[in-house]
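Heads up: the structure comes next, in structure tokens.
The values are calculated or read from the model by the stated rules, or taken from the named source; none is laboratory data. Computed from a predicted model, the values in this text were never measured in an experiment. Here the Cβ is made from the backbone with ideal geometry for all residues, glycine too, and neighbour counts use every protein chain on show. Just so you know, the surface numbers come from the protein's heavy atoms only, side chains and all, with ligands and any DNA or RNA stripped out. Shrake-Rupley method; radii C 1.70, N 1.55, O 1.52, S 1.80 Å.
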Amino acid sequence: MLLRVLIAGRQIFSIFVADMDGYSWLKMKKMFLRYIAWMFLFGPMMKFNLLFCTMLLTGLFCFGQPTAKQWNSEITAGWNLGNQLECSTSRENGRLMEIGLPDNSINAETAWGNPKVTRKTIKAIKKAGFNAVRIPVRWQCHITDAHAMSIDKAWLKRVKEVVNWCLENDLKVMINTHHDQWLEGRPLYRYQQENCQKLALLWFNIASEFADYDYRVAFAGTNEVHEPDNWGKPTAENLEVQNAYNQTFIDVVRATGGNNAKRHLIVQTYVCNPEFGLNDGGFIIPTDIEGNGNDYMSVEFHYYVPWEYAGDGIFYYWGKRYSQYGETPSSDEQAMLNLFDRAKAAWSDKGLGVIIGEWGLTDHFKDGQADRMHENMTYYCRLLVGEARKRGFSTFVWDNNRFGNGADMFGILDRNHSMKVKAPWMIEGIMEGAKL
């Protein structure tokens, strides 16, 4: 009898979730729990209700983790903890390739000028309306044994502390390898075997430490892999090494088992440029373990487009709607929508999730026109987040806590002053887009 109840529960829950793309899996769980409580309080047929509740709970907790597409669809607005846990021990040695444990490495998160992350930092992100956090992490200056890629226990404790604060606030979390220069800066055949071995050891150690964390925590294998100072079109060699990194990452995390067998894993296009994953077929989707298909993987790209507007701030206006006020770049609204459609066709339509892991707008304006230029930024944010949401993509805005007028001023919430919102035009656009 009990076996039949368990089987029936799984079947009932499967019916409810079979066609739930775009609907929150977490909300679905809460809905079932509320319904169960209601039945016990008011249901006249207690014996039947007890049986039905058992069936529902069985389905609820045995069905398994949501797919990558479901994970992404639940994210209305994501935020990057930029220039923090991915810092080197000083600005001067940020491009060094050495792996080790330099002096004072435990305090690296403040080396680039930002204050230490606190529980209040994360609570403020939740309060601002975000429901997911991407935590870039540099590991290479926190390694106690380079042969085994063993991670300093104090650093692991610190990373876990920040992740736990996110989970306390019911924020989804994405952790990665970020600015590990030995990996990102050497996408060449002569380093491929060595780097893949180190990457496998590193991710084995990370994945093992986080194996018991629930589905809200996702792993991303690499960041912006590229040869130093070369952000242009990759060679066949560059693409092949990136593909090898992605496959190594998938293989080793899955090998750790447990929750990691269906953990949401995120792979990257070369230098996280979407065009280098879409144009020439050189980007290869990794092969997941048997039974997973593409269901538990996402492809990540970054979108600071056009850079002359979003990053350098050379253009003060963007889009056809604002072209009447000044010169605008040729990459406009339609260019954004076309790119998103291509990403959907190439990846999402094949069962993969799609993540815009970084995007942002540097604050730049002219005297006397700041209000209109910030209004234009709100328009850009609303369009990007809204159109990404319509296609089931998740988005994570870049916030490096830098404020001013010019290039690389991606600050939104001021970590030095109680997380005060310093770029309300960004928050407004993001949250309006999140509702679409």
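Quick notes on this structure:
- In a fully extended conformation the segment linking Thr144 and Ser323 would gain 59.0 nm over its present Cα-Cα distance, using 0.36 nm per residue.
- Percent accessible area from carbon and sulfur atoms, the chain, protein chains only, probe 1.4 Å: 54 percent
- Gained length - Lys153 relative to Asp367, 0.36 nm times residue gap less alpha-carbon distance: 72.0 nm
- The chain: DSSP helices with Cα axial extent of at least 24 Å and average Kyte-Doolittle hydropathy no lower than 0.0: 25-42
- Computed from the C-beta positions of Ile289 and Glu209 and an R0 of 22 Å, the FRET efficiency is 0.60 to the nearest 0.05.
- Among Gly406, Gly282, Gly313, residue whose mean-square fluctuation peaks in a GNM of the chain (springs only between Cα atoms under 10 Å): Gly406
- Residues of the stretch 337-378 with amide N under 14 Å of the 7 Å Cα→Cβ point at Glu308: none
- Cross-link pairs beyond the 21 Å C-alpha cut-off, checked among Lys160/Lys344; Lys116/Lys420; Lys198/Lys233; Lys69/Lys344; Lys69/Lys120: Lys160/Lys344; Lys198/Lys233; Lys69/Lys120
- Contact order relative to length of the chain, as percent, for alpha carbon pairs under 8 angstrom and 6 or more apart: 15 percent
- Subtracting the Cα-Cα distance of Asp103 and Ser330 from 0.36 nm times their residue separation leaves 76.9 nm of extension gain.
- Selection of GluC sites (Glu not before Pro), the stretch 233-338, meeting DSSP coil and at most 16 other Cβ within 10 Å: Glu290, Glu327
- The dipole here belongs to the chain: it is taken about the Cα centre, uses +1 on the Cβ of Lys and Arg and -1 on the Cβ of Asp and Glu, and is about 2020 debye.
- Taking Val421, Val385, Val225 as the candidate residues, the one with maximal mean-square fluctuation in a Gaussian network model of the chain, Cα springs under 10 Å, is Val421.
- Accessible area, probe 1.4 Å, largest first, for residues Phe393, Phe283: Phe283, Phe393
- Distance between the stretch 135-162 and the stretch 315-340 - C-alpha centres, whole angstrom: 42 Å
- Put simply, the amide H of Tyr296, placed in the peptide plane, has neighbours under 5 Å in Ala68, leaving out anything fewer than 5 places away on its chain.
- Average accessible surface area per residue within the stretch 235-384, 1.4 Å rolling probe, Å²: 38 Å²
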